[in-house]
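Q: Handing you a structure now.
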Amino acid sequence: MIFRKAAYFYWLSRYLTRALDTIRLVEAYWPLCWDRENGRGEDALIRLRQALRMSLPSPNSGTAGQLFWFLDAEENPLSVRSSLGAARFNARLLREELPEEAWELLSELPADPPGSPDPDLPVAFPRTPSLPWVRGIAAFYEIARTALAQGAASDFLALGQAIEGMGNLAAALHALVQDASAGEAPPPEEQAAVLRGFCSLHAYRSMHGPFYEGESVCRSLLGSRRLPRSFAALLHAAASALERLEKQSVYALSPACDAAFALGAVLASLEKTPKERLSSLLVELPIGCNRLHQRVEQALGQPGGNAG
């Protein structure tokens, strides 16, 4: 039963991770997007959209409309609300396999139609509705990991979480480094915002202190396994899940394992890349993430290989 529904576990996890990463990055970046006194708010907003891989909302959307586009716009397929809706769709297809507590948590996440923003109203980041989303998603993963134990379902959840996280982090780092190579580097506050959005300021400071200048943030988020949710840590999680699944499931995941190995080689080359070439080589990470995802999708659509 679980093997036949592996794709739903994989996509459920990807959509939940997408929603969580979006909330965290927007919350961390939002004060910088409206730093008009220093004349850099619009640049930060552009980089935030690039990091989230989102298109432009309406040109007359205003402050509230921009935030609404990231979090609540149903017409934006990458908004938090759209991601949660897609996660619930996959969860309904796993109703019998998911623990009751996990199902209840997903059901409590907002599903009602959003209101319309006032385009002229400046707004702060809405912690009141967003905090339950973050807590709910984190609690879902904790319950699912405990209840599903060390089985295929748990590994497909971990695989989706890792692959989505790698793609999201690669996009955010490329947005920062691309601007730095083209001209003036983004301010240290933006480097810290990416750390807050994806990782941990405390973990980074324990290694480097409160210094966000130069390449240290980018290179740490790329290659340091000591940082939670660094690219290296996420790739290790994905490779470990694939290795277990290849041995125990009915899916032919050897090509996906090869794609993960190739992505590791790209990451290793980036660690030695000089600053002036870092931006161009960072493009290879999203390409590698997409290739890994494609191999997983091909395997899920074509059961075969190891008997499980």
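Q: Looking at residue 203 and the list (1) free of Cβ contacts under 8 Å to residues at least 60 places away in the same chain; (2) over 20 Å from residue 283 (Cα atoms); (3) open to solvent by 60 Å² or more (accessible area, probe 1.4 Å); (4) part of a helix (DSSP H, G or I), which single condition is not satisfied?
A: (3)
Q: Test residue 143 against the criterion of being β-branched (Val, Ile, Thr), at pLDDT 85 or above and open to solvent by 20 Å² or more (accessible area, probe 1.4 Å), and give yes or no.
A: Against the criterion (β-branched (Val, Ile, Thr), at pLDDT 85 or above and open to solvent by 20 Å² or more (accessible area, probe 1.4 Å)), residue 143 qualifies.
Q: On to the next question. Residue 76 passes all but one of (1) part of a loop (DSSP other than H, G, I, E, B); (2) farther than 25 Å from residue 109 by Cβ; which number fails?
A: Residue 76 satisfies all of (1) part of a loop (DSSP other than H, G, I, E, B); (2) farther than 25 Å from residue 109 by Cβ except (2).
Q: Does segment 107-124 contain any residue that is modelled with pLDDT under 85 and under 19 Å from the mean Cα position of the chain (by Cα)?
A: Within segment 107-124, one or more residues are modelled with pLDDT under 85 and under 19 Å from the mean Cα position of the chain (by Cα).
Q: Which of the numbered conditions does residue 249 fail, given that it passes all the others? Conditions: (1) among the hydroxyl-bearing types (Ser, Thr, Tyr); (2) buried (at least 18 other Cβ atoms within 10 Å of the Cβ); (3) at pLDDT 95 or above.
A: Failing condition for residue 249: (3).
Q: Could you tell me how many of the residues in segment 42-67 are modelled with pLDDT under 85 and surrounded by fewer than 16 Cβ atoms within 10 Å (Cβ to Cβ)?
A: So the count comes out to 5.
Q: Conditions: (1) at pLDDT below 95; (2) open to solvent by less than 30 Å² (accessible area, probe 1.4 Å); (3) in contact with a Cys (Cβ under 6 Å, 6 or more places away or on another chain). Residue 242 meets all but one. Number of the miss?
A: That leaves (1) as the condition not met.
Q: Somewhere in segment 288-295, is a residue among the charged types (D, E, K, R) and either without any contact (Cβ under 8 Å) to a residue 60 or more places away in the chain or part of a helix (DSSP H, G or I) (or both)?
A: Yes: segment 288-295 contains one or more residues that are among the charged types (D, E, K, R) and either without any contact (Cβ under 8 Å) to a residue 60 or more places away in the chain or part of a helix (DSSP H, G or I) (or both).
Q: Exactly one condition in (1) touching a Leu at 6+ places or on another chain (Cβ under 9 Å); (2) over 22 Å from residue 157 (Cα atoms); (3) without any contact (Cβ under 8 Å) to a residue 12 or more places away in the chain is not met by residue 233; state its number.
A: It fails just one condition, (2).
Q: Among the residues of segment 79-96, count how many are outside any helix (DSSP H, G or I) and either of a type in the set (Phe, Trp, Tyr) or crowded, with 17+ Cβ neighbours inside 10 Å (or both).
A: Within segment 79-96, residues that are outside any helix (DSSP H, G or I) and either of a type in the set (Phe, Trp, Tyr) or crowded, with 17+ Cβ neighbours inside 10 Å (or both) number 2.
Q: Which condition number does residue 299 fail, the rest of (1) modelled with pLDDT under 85; (2) closer than 28 Å to residue 4 by Cα being met?
A: Residue 299 satisfies all of (1) modelled with pLDDT under 85; (2) closer than 28 Å to residue 4 by Cα except (1).
Q: Continuing with the same structure: Can you pull out every residue in segment 236-262 that is within 18 Å of the chain's Cα centre (by Cα) and either free of Cβ contacts under 8 Å to residues at least 60 places away in the same chain or more than 15 Å from residue 167 (Cβ to Cβ) (or both)? Before you say what the answer is, go through the steps one by one.
A: If we filter segment 236-262 for residues that are within 18 Å of the chain's Cα centre (by Cα), which is where we start, we get 236-239, 241, 260.
236, 239, 241, 260 - these are the residues of segment 236-262 that are within 18 Å of the chain's Cα centre (by Cα) and either free of Cβ contacts under 8 Å to residues at least 60 places away in the same chain or more than 15 Å from residue 167 (Cβ to Cβ) (or both).
Q: Just to be sure, is residue 233 buried (at least 22 other Cβ atoms within 10 Å of the Cβ), part of a helix (DSSP H, G or I) and hydrophobic (A, V, I, L, M, F, W, C)?
A: So residue 233 fails the test.
Q: Let me ask something else. Collect the residues in segment 263-279 that are without any contact (Cβ under 8 Å) to a residue 60 or more places away in the chain and open to solvent by 70 Å² or more (accessible area, probe 1.4 Å), keeping them in residue-number order.
A: 271, 272, 277
The values are calculated or read from the model by the stated rules, or taken from the named source; none is laboratory data. These numbers were taken from a predicted model, which means no experiment stands behind them. Methodologically, a virtual Cβ is constructed for each residue, glycine included, from the backbone with ideal geometry; neighbour enumeration extends over all protein chains shown. With ligands, DNA and RNA removed, areas are computed over all heavy atoms of the protein, side chains included. Shrake-Rupley method; radii C 1.70, N 1.55, O 1.52, S 1.80 Å.
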